[in-house]
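Inspection log for the structure reproduced underneath, given as structure tokens.
The values are calculated or read from the model by the stated rules, or taken from the named source; none is laboratory data. Fair warning: this is a prediction, and the values are worked out from it, not measured in the lab. Please note: Cβ atoms are built from the backbone with ideal geometry, for glycine as well, and neighbour counts cover all protein chains shown.
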Amino acid sequence: MKTKAAVLYEINEPLQIEELTIPELRSGQVLVKIAYSGICRSQLNEIRGLKGQDKFLPHTLGHEGSGIVEAIGLGVSKVKPGDHVVLTWIKGKGAEIPSTLYKKADGSVVNSGAISTFMTKAVISENRLVKIPPEMPLREAALLGCAIPTGAGIVLNTLRVQSGNSIAIFGVGGIGLSAVLAARLMNATPIIAVDVFDHKLKLARDVGATHLINASQGDPLTTIMKITDGRGVDYAIEAAGRRETMESAFQAVRNNGGLCVLAGNLLHGERISLDPFDLIKGKQIIGTWGGETDPDRDIPQYIRLYQASKLKLDELITDTFSLDEINKTIDMMSKGKITGRCLIEMPEQDC
Ligand SMILES: [Zn+2]
């Protein structure tokens, strides 16, 4: 059986669309026909080699998606053929099978991890799948693999934002927008969105931000202090993946218990600088691992919220492309041309 996949051969080179042979399922593995895949900054960083040396080249990519189970390996009990599933990089219940190998027609090997989604069919480790109800649209479900669990998870699990808390979200891509959605769900106020693109800020306002700051037009800190009467916000989230933004987000939280969460990634080896006196005054800073998400607990909860029209996932999806357009999509993303989350839609028919 074959699959069509976008393969990274060399750092900073376009992905190659290849036909690969799907290996026989090992115990704990699941074959999924992918419906939609998300694309994150994380994959852009992987392609640019910003995560350090890549010893797995050539390899497949993608860590967020939705699809339908085609076959299961021995011992898989979480899903069965025909089930609709979310594919997520965040580990849940079930077997962890960290790698799989696909073969090209010439016999050479392409590496794959526990999850890959830039392909029409993929072998996935059981613990990266969550079964969803068939009435949940697969298009919106794809966002539940990374953007929503990370962004909303930071608000709901990591920070436990309450009604009336103030929050600033730096960087309103997929994760930042998901955080805005969850902050609105919890009735946080104000919800301040910071970005350098007006089209992204406008979408942030549409999904719940109460104040918008374009950081390319002056220091966002000055405006945040003005909005909060000089106090600073209760919470700040950094989802832009920039050093200066991380430092600003930390500065933006109030003394005596304000908490800043870093969700963005810097270049391998890059550092941020903090004034320790800010820590003494009670500003706090932490990181996050996927919004402290338990996929088996949280993804069904997000689906219930979506079905009750409380989590407006549809509004986050602004662009859809085909797998053949993946390099164009990556280029548009890296230039900030995608307003919200973009999805890769896989063909209905097999390759
Ligand atoms: Zn991601």
Q: Answer yes if at least one residue in the range 98-112 is in contact with a helix residue (DSSP H, G or I) (Cβ under 9 Å, 6 or more places away or on another chain) and either outside any strand (DSSP E or B) or away from the ligand (no atom under 16 Å from the Cβ) (or both), and no otherwise.
A: no
**Q.** Filter result (under 13 Å from Thr189 (Cα atoms) and in contact with a Lys or Arg (Cβ under 8 Å, 6 or more places away or on another chain)) within the range 217-234
**A.** Thr228, Gly232, Val233, Asp234
Q: Assess whether Arg26 counts as being within 16 Å of the ligand (Cβ to nearest atom) and assigned by TED's automatic domain parsing to the domain that holds Ser116.
A: no
Q: For the range 100-108, indicate whether the set of residues that are in the same structural domain as Asn327 (by TED's automatic domain parsing), under 27 Å from Lys328 (Cα atoms), under 19 Å from the mean Cα position of the chain (by Cα) and of a type outside the set (A, V, I, L, M) is non-empty.
A: no
Q. Tyr36 fails exactly one of the following numbered conditions: (1) away from the ligand (no atom under 16 Å from the Cβ); (2) at pLDDT 95 or above. What is the number of that condition?
A. (1)
Q) Does Gly82 meet the test of being away from the ligand (no atom under 14 Å from the Cβ), in contact with a Gly (Cβ under 7 Å, 6 or more places away or on another chain), assigned by TED's automatic domain parsing to the domain that holds Met332 and over 26 Å from Thr339 (Cβ atoms)? A) no
Q: Would you check which residues across the range 1-33 are in contact with a helix residue (DSSP H, G or I) (Cβ under 9 Å, 6 or more places away or on another chain), surrounded by 20 or more Cβ atoms within 10 Å (Cβ to Cβ) and in a strand (DSSP E or B) and list them?
A: Ala5, Ala6, Leu8, Gln29, Val30
Q: Being under 18 Å from Leu25 (Cα atoms), touching a residue at least 12 places away in the same chain (Cβ under 8 Å) and either outside any strand (DSSP E or B) or within 16 Å of the ligand (Cβ to nearest atom) (or both) narrows it down to one of Ile47, Ile90, Ile124, Ile148, so name that one.
A: Ile124
